[in-house]
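First up is the structure itself, then whatever we jot down about it.
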């Protein structure tokens, strides 16, 4: 399994568990989590990412996520996904993940676009 695939699998695990340790394992101490490119409200630092994640968490079973790694290098992973909230909305996703040497994300940027059902 590639580092990018492992990272995304870990992200999905953290999304399902909402466990602070699962979330922390994904990010470097100084990581940046952007909800859009150049996001002025980006979460900066692992502790802020954990807090922000848990403040706006999705509950297990409320969503389904399909994804594929589009491209990967030693320090960059690009993922295309689709997030389905059956009781609410459907989104197309594009993630750009900058990986550190130890496989944790130093920067995570997402783009999401609502789709018609």
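In a solvent-free Debye calculation with one equal scatterer on each Cα, what is log10 I(q)/I(0) for the chain at q = 0.11, 0.19, 0.21 Å⁻¹, listed in the order of the q values?
-0.33, -1.07, -1.32
If each residue's Cβ is checked for other Cβ atoms within 10 Å, how do 56, 36, 106 rank with the fewest at the top? Before the final figure, lay out the partial values.
Details: 56 8, 36 12, 106 17.
The most exposed by this proxy come first: 56, 36, 106.
Run the numbers on the range 3-115 and let me know its relative contact order in percent, using alpha-carbon pairs under 8 Å that are six or more apart.
Contact order relative to length: 25 percent.
FYI, it's all coordinate maths here, none of it is from the lab. All figures in this text were calculated on a predicted structure; none of them were measured in a lab. All Cβ positions, even for glycine, are placed from backbone atoms using ideal geometry, and neighbour counts span all protein chains on display.
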